[in-house]
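First comes the structure, then the notes that go with it.
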Amino acid sequence: MAPALHLDLAIIGAGPAGLAAALKAKQLGIKDLVVFERDERPGGILPQCIHNGFGLQKFKEELTGPEYANRYIRMAADHDVDVELDTMVLEIDKNRTLTAVSEYGGLRNYQCKSIILAMGCRERPRGAIGIPGTRPAGVFTAGQAQRMVNIEGYMPGDTVVIQGSGDVGLIMARRLTLEGAEVKAVTEIQPYSSGLIRNEVQCLHDFDIPLLLSHTVAEIHGDKRIEGVTVTEVDAGWNPVAGSEKFMECDTLLLSVGLIPENELSKMAGVALDPQTGGAYVNEFLETAVPGIFSCGNVLHVNDYVDEVSTEGEIAARGARHRIKGKLSDEKNLIAIEGDETIGQIVPQTINGQRQVTFTIRVKRPMEKGTLRIGDIFEKKFAYARPSEMMRVRLPKKVFVEMKPTLTRLNVSCEER
Amino acid sequence: MTAAKAASLPQMGDYDVIIIGGGIIGAMIARQLSKFQGRFAVLEKAAFPGCGVSKASLSQIHLPDFCPPGSLKGRLCRNAPARFKKLAAELEVLYREVDELWLALEPAQVSNLEVAKARAESHGAAGFEIIGPQRIRELEPHVTPEAVAGLYARGLGVIYTPEWNFALVENAVQNGVQLHLQTEVVDIGKTKDGIYRLSTHQGTLTARYVINAAGLFVDEIARMVGDGHIHLSLRKGTMLIFDKSVSHLARHMIFGSFSESHSQDIAPTAHGNLILGVHYVKTDKKSDTQVSREGIQETLKLGRQLIPALSEKDVITSFAGILANSNMSRDGDFSIAPSEQAPGVIHVMVGAPGLSAAPAIADYVIQLLGDAGWRTTEKADFNPRRRGWPRFETAPMVKKQQMIDSDPKYGHVLCRCEQVTEAEILQSIRRGARTMDAVKHLTRAGMGRCQGGFCAPFVLKQLANELGIPPTRVTKNGPGSHQILKMTKAVADN
């Protein structure tokens, strides 16, 4: 292998986080950067998201996924961003050495001053949730089906049951209906939907597709191709309610049961992961515990809106610039951000008070008429909060400057009034 | 191995020996038989060999510490690891050495270890030692602190059975054995010359000798030649595969206790995941490979008794296999014997450790063929070597670059979890994979943590392209298991 090439910044992933990070980095004057993308096209998952609803924050208009991606792809091209397609990053280490491979470039090593991790997330497969039954053809994850329908032009089947009310599942319920399939039901094991309300309304209600809360697919039937599923009601402990079993005939089962940040490379580099988010522990620059390695977008924590994924890319790019310029000291006076038992996830998990901070918070359970508190520096009342809708709180730098320098911990909590 | 190479059935005519069943036992017999002169065939009812019980196993190569003194199975698996190691080199397949650690979790179980040690030694296997808790912790820091003693032995192994199954069949075909896929035997008759006529959905095949290596269906084949007295009792065993991120939890083949309802066994797989088994329930259906919630929970419970840190959230997939016990077997021993009714037919009935014993089972069957009158003459031009193809993921960096230099498609990673490249997927299809599952078992594309979430559409497209069929005709594992049912409106309209 040829000797290592030098880079100021390597960005792993050309989805909405990676492209926005690359664009911002160029705008901030980082010239020597490469974006590595394993797929044959840039845009990450967006090219297969042909529905609209993207870009309201970033572009003040409603775009489809491909349109949103194309805007960033064009802007990146205008700024001479180098995107290496069909290129897989095989390894990175804590010294920021990176090994990439592609058909045309072979194996290459890079020594990078900074790295932004923007690999996105993957779907939880059937095995991870252990649905009992046979193993016939016709069981897909929702995103897999989305790629098949919208990119390849393949129709998975005619009669469909969808397990899990994740947003991709809801979107695919509508998409398959429009393609002429009959979507019999979406089952959700929780007593509340795990997708956005707007998707529940626009993708299920508008098409009279039943959403069965506190229900799950208890068994898969069929030897060669799936022939049906047994759906049962579950109690609060997710145990099947005896006598509630119902057989639903179908030739296709889609799974939309959660997304997992794809952190295999992060682990290789020694980046510590937060079990709550499945992503890295980061500070307000989105820098991980490994100096010079940043994490943003769905590899950091699964977001609700693509616009916010891109914004995180921009924050990471700013952090990378500071790191390259030597302006990020390895701070000792870190303030730990700690959620109590009402908080499902919070990012960042530490701050050092050097810049404004955007906290993203998910509650653990749905709540009504509550108050969100961050230490004694911030308080906000809310009408409702759901795990599926991320709350964002931006606090300006001056808040932290005013704080006592001895502060080492900020507690975050939500309380019903 | 390709369909084109398989002779068209009606003209195929007579064989000296037909092996019914292309699982790991049938494949091993075929490969060993191909060292001799003669006309041999393997009949496999599935679209790809090794998709039955062979696939759904722990894929471990044991020493005879499970086998009672004087048993046939003890004799046949005495040198199992050494034989597999030699074959691995010849066939260019994966064999990974793993050491054994059989744990006693309470003082009363220590005598089990002593009995196992004595069993192994009765078959001539040496090197077994009983070790204490401190040594156990040194070897395996994550096992339960309750372990009071362990039986420790070096030099066992793990393989990936579908890969071996394919390689053995391929090497047999290379040496002249005919392979008939999707060829299910439905009846067996006899000509007046004493030649067996095997009726299949693909036509009739004749042979002087028939080896019944039909696995779970050995009783049904036996009935076709008049041996109606053979019955199988079935148990379904559930196994779990864990994400590679927890592979540090077990480095040995770790055993606990054994009973009718469980075999407590956690070990690395050939590919570096952990596999955990086995919780058994009785079943009366051979096709009952459904995994139940209870089966998963009970299996996890078995695992946590040995390694408390095992967690459900790290399970990437679960599966069930059927273990058959024949009424011909005495005390769980193998029963490999000529038919009582039909001279020239040999029934092969083996339970665990059938995989470990497979090379010696093949030799034994060939010896029985000799006893039945078949004249064995060694072939001068037998080629024991089968070329594998290198795996990108596990190759060292220098080798990776050489692979890309020789074929740039080695630089195109399609399965991101297992780092399987386009070159490997194409190779598997060109060597005979016709289904999604076959590609998966030969390359590992789709076997990682995302279970094909990203690469399955690519594999489907590659299969369609290479086989020259529309994507709607690509199947998961043979006729009826189509992946997609039609094209979208926009595509169909064009």
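The values are calculated or read from the model by the stated rules, or taken from the named source; none is laboratory data. Keep in mind that what you see is a predicted model, and the values were worked out from it rather than measured. Positions of Cβ are backbone-derived with ideal geometry, glycine not excepted, and every protein chain shown enters the neighbour counts.
A few notes on this one:
- Condition check for B:Gly272: under 18 Å from the mean Cα position of the chain (by Cα), within 22 Å of B:Gly157 (Cα to Cα), away from every other protein chain (no Cβ under 14 Å) and not in a helix (DSSP H, G or I): no
- Answer residue from segment A:254-281, given it is assigned to a loop (DSSP other than H, G, I, E, B) and in contact with a His (Cβ under 9 Å, 6 or more places away or on another chain) and is farthest from A:Gln163 (Cα to Cα) among those: A:Asp274
- Residue check, B:Asp371 among the acidic types (Asp, Glu), surrounded by 17 or more Cβ atoms within 10 Å (Cβ to Cβ) and away from chain A (no Cβ under 14 Å): no
- A single member of B:Leu323, B:Leu368, B:Leu355 is more than 23 Å from the chain's Cα centre (by Cα), closer than 30 Å to B:Leu234 by Cβ and not in a loop (DSSP other than H, G, I, E, B), and it is B:Leu368.
- Of the residues making up segment B:477-486, not a single one is more than 10 Å from every other protein chain (Cβ to nearest Cβ) and either assigned to a helix (DSSP H, G or I) or surrounded by fewer than 24 Cβ atoms within 10 Å (Cβ to Cβ) (or both).
- Exclusive hit being farther than 20 Å from B:Glu422 by Cβ and at pLDDT below 95, set A:Lys94, A:Lys113: A:Lys94
- The criterion of at least 3 residues that are in contact with a strand residue (DSSP E or B) (Cβ under 8 Å, 6 or more places away or on another chain) and not assigned by TED's automatic domain parsing to the domain that holds B:Val439 is met, among helices (runs of 4 or more DSSP H) falling completely within segment B:35-125, by B:80-91, B:110-122.
- Checking each residue in segment B:123-146 for being over 31 Å from the mean Cα position of the chain (by Cα) and among the aliphatic types (A, V, I, L, M) picks out only B:Ile131.
- When residues of segment A:215-253 are limited to those that are under 20 Å from A:Ala142 (Cβ atoms) and part of a loop (DSSP other than H, G, I, E, B), the one farthest from the other protein chains (Cβ to nearest Cβ): A:Cys250
- Within segment A:98-201, strands (runs of 3 or more DSSP E) holding 2 or more residues that are surrounded by fewer than 22 Cβ atoms within 10 Å (Cβ to Cβ) and more than 10 Å from chain B (Cβ to nearest Cβ): A:106-117, A:182-188
- Exactly one residue out of B:Ala433, B:Ala438, B:Ala445 is assigned to a loop (DSSP other than H, G, I, E, B) and either among the aromatic types (Phe, Trp, Tyr) or in contact (Cβ under 8 Å) with a residue 60 or more places away in the chain (or both), and it is B:Ala433.
- Some residue of segment A:53-64 being among the aliphatic types (A, V, I, L, M), more than 9 Å from chain B (Cβ to nearest Cβ) and either touching a strand residue (DSSP E or B) at 6+ places or on another chain (Cβ under 6 Å) or closer than 30 Å to B:Lys486 by Cβ (or both): yes
- One residue stands out in segment A:83-97 among those that are within 21 Å of A:Ala269 (Cβ to Cβ) and not in a strand (DSSP E or B): the one that is nearest to the other protein chains (Cβ to nearest Cβ), namely A:Asp93.
- Candidates B:Leu76, B:Leu94, B:Leu43, B:Leu105: the one that is crowded, with 22+ Cβ neighbours inside 10 Å and closer than 30 Å to B:Gly150 by Cβ is B:Leu76.
- Residues of segment B:450-476 that are in contact (Cβ under 8 Å) with a residue 40 or more places away in the chain and more than 8 Å from every other protein chain (Cβ to nearest Cβ): B:Cys455, B:Phe458, B:Val459, B:Gln462, B:Glu466.
- Number of residues in segment B:243-256 that are surrounded by fewer than 21 Cβ atoms within 10 Å (Cβ to Cβ), in contact with a strand residue (DSSP E or B) (Cβ under 7 Å, 6 or more places away or on another chain) and modelled with pLDDT of 95 or more equals 3.
- Among residues of segment A:282-308, those that are part of a loop (DSSP other than H, G, I, E, B), in contact with a strand residue (DSSP E or B) (Cβ under 9 Å, 6 or more places away or on another chain) and over 21 Å from A:Leu98 (Cβ atoms), counted: 6
- Within segment B:257-272, the set of residues being surrounded by 23 or more Cβ atoms within 10 Å (Cβ to Cβ) and polar (S, T, N, Q) comprises B:Gln264 only.
- Residue among B:Thr435, B:Thr421 that alone is closer than 26 Å to A:Leu253 by Cα, hydroxyl-bearing (Ser, Thr, Tyr) and within 10 Å of chain A (Cβ to nearest Cβ): B:Thr435
- Residue check for B:Leu323: modelled with pLDDT under 95 and either aliphatic (A, V, I, L, M) or assigned by TED's automatic domain parsing to the domain that holds B:Gly22 (or both): yes
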